[in-house]
1. Against the condition at pLDDT below 95 and on the phi > 0 side of the Ramachandran plot, how does ASP55 come out, does it pass?
2. Report whether or not ASP122 is at pLDDT 90 or above, loosely packed, with under 15 Cβ neighbours inside 10 Å and closer than 23 Å to VAL58 by Cα.
3. Which of the residues belonging to region 98-147 are within 13 Å of the chain's Cα centre (by Cα) and more than 27 Å from LEU70 (Cβ to Cβ)?
4. Could you grab me the full set of residues in region 15-35 that are in a helix (DSSP H, G or I) and of a type in the set (D, E, K, R)?
5. Would it be correct to say that GLU45 is in contact with a Lys or Arg (Cβ under 9 Å, 6 or more places away or on another chain) and either crowded, with 21+ Cβ neighbours inside 10 Å or over 24 Å from SER94 (Cβ atoms) (or both)?
Amino acid sequence: MKNAAISIATTPEAIRRCHPVMRELRTHIHNAERFVERVQRQQKEGYLLAFLEADSEVRAVAGYRLVEKLLTGRYLYVDDLVTRESDPSHEYGSQLFDWLIEQAREHGCEHLELDSNVQRFDAHRFYLLKGMRISAHHFKIKIVHGH
């Protein structure tokens, strides 16, 4: 894994470069320009978009934010974590995950947390191998607006 570097996407161009990889996880976001708009809106609320680049190509992407709650204290919440499917190994994802752990440490967080859809078995296996544990069930309800 030579020449791999992790950066934060702060410009529209850097955000746009992350779109093809993020789209592998967030398949409903087809349009790169809409992706840039959504990321920029979320950045105003504290969202950070990190990307791992190797051989001049984005290989892995993580969207995260620093949060504090009464229940858990200060923590780093990972909204999105995805590697390029065409890459043969999980090394890029592992390197980006370890970088996120270091970011949590540097920002005085007590935990790193994420939610993962129930059908993502490979991701669950990866998270468990990285030392994470399943600590809660996540419930949601769809809010219907008007008819």
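The values are calculated or read from the model by the stated rules, or taken from the named source; none is laboratory data. In this text the structure is predicted, and so the values were computed from the model without any measurement. Ideal geometry is used to build each Cβ from the backbone, glycine not excepted, and the neighbour counts take in all protein chains shown.
1. Working: at pLDDT below 95: yes; on the phi > 0 side of the Ramachandran plot: yes.
Against the criterion (at pLDDT below 95 and on the phi > 0 side of the Ramachandran plot), ASP55 qualifies.
2. Here the answer is no, as ASP122 does not meet what is asked.
3. The answer is ASP98, TRP99, ALA123.
4. From region 15-35, those in a helix (DSSP H, G or I) are 15-25, 32-35; that's our starting set.
Listed by number, the residues that qualify are ARG16, ARG17, ARG23, GLU24, GLU33, ARG34.
5. Working: in contact with a Lys or Arg (Cβ under 9 Å, 6 or more places away or on another chain): yes; either crowded, with 21+ Cβ neighbours inside 10 Å or over 24 Å from SER94 (Cβ atoms) (or both): yes.
Criteria met by GLU45.
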